[in-house]
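Everything below concerns the one structure shown next.
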Amino acid sequence: MNIDRSRILNAIVVAVALLSGSIPTVARSAPKADAVLDGFAKAVGQSKTLDADARKAVLDQLAESRKDPDRRQTTITETLRETNADFRKAMIALGEEDTTAAVTILKKLAASDDPYLAAEAAFFQARAHMMREDYEAARSPLAKLTSGKLADKTLYGGDALFMQGIAQAGLLDRENATKSLEKFIEENPDASERMIIGALTRIEELKYIKKGSLIDVEDRMDFSRRKLALEDSGDGTQKEQSNVIAMLDKLIKEAEEQEQQGGS
């Protein structure tokens, strides 16, 4: 997929227009979303944990929510908040930025036999990990949503793909990060302009990073900072710290040589 700077500029123009209110926002109405909601409604209708009145109330709410572009993507989330006490507790914890408590609950829910609950829990588990920059921990739940068995059970597939790209970039896996972000753009044309611009910008940055360059060093320093913040000072962290020192030494030496050549 070829992505050029003109597309970035076009996206920026659209974003400015959106902020100024001059054009309407684009609703998420992909056929895939309809299939997910149809499957979820069917699962609710067959639920053995809800009585007949509760099932009817949930199905009525689903029917109304999916008509509203602003509520459509969070339809399953809001339903599970009302019908599952543990999921509700996790979402409250996440809202309070208590990521440890949220992850503890969501990790268990992500193993549920209910694929829609499992998918929703996996997404917010990944989000909790991303909030504390624990990209390593975010990889597994994101993989389930982007290419695993839960990929067709969620309305957050595009968001998960975007987060996967950001996580891979943070892990210095730049090739796969670029692929994930390009796939996100290709498969989610109706995503928010903010996310599209963010993905395009990150792709451009990743393409022009050369090993040993100052930007590469900065990325590796940030990698070490993040790992130390997570209290992970293992071999991987120490290796990157050594790489940073060696690269900085090389950059300093090259700068000194250029200075000497300029002064001769």
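The values are calculated or read from the model by the stated rules, or taken from the named source; none is laboratory data. Because the structure is a prediction, the values reported are computed rather than measured. Backbone-built Cβ (ideal geometry, glycine too); neighbour counts: all protein chains shown.
Residue pairs whose Cβ atoms lie under 9 Å apart, sitting 6 or more positions apart in sequence or on different chains, and linking a residue in the range 81-108 that is farther than 22 Å from S140 by Cα and touching a residue at least 24 places away in the same chain (Cβ under 8 Å) to a partner that is among the polar types (S, T, N, Q) and outside any helix (DSSP H, G or I), are T83/S47; T83/T49; N84/T49. When K107 is tested against (1) out of contact with any Leu (no Cβ under 9 Å at 6 or more places or on another chain); (2) surrounded by 16 or more Cβ atoms within 10 Å (Cβ to Cβ); (3) assigned to a loop (DSSP other than H, G, I, E, B), only condition (3) is not met.
Tell me, please, whether a residue that is modelled with pLDDT of 95 or more, surrounded by fewer than 21 Cβ atoms within 10 Å (Cβ to Cβ) and farther than 23 Å from R72 by Cα can be found in the range 142-150. Scanning the range 142-150 turns up at least one residue that is modelled with pLDDT of 95 or more, surrounded by fewer than 21 Cβ atoms within 10 Å (Cβ to Cβ) and farther than 23 Å from R72 by Cα.
Of all residues in the range 110-123, those being touching a Leu at 6+ places or on another chain (Cβ under 7 Å) and surrounded by fewer than 24 Cβ atoms within 10 Å (Cβ to Cβ) number 3.
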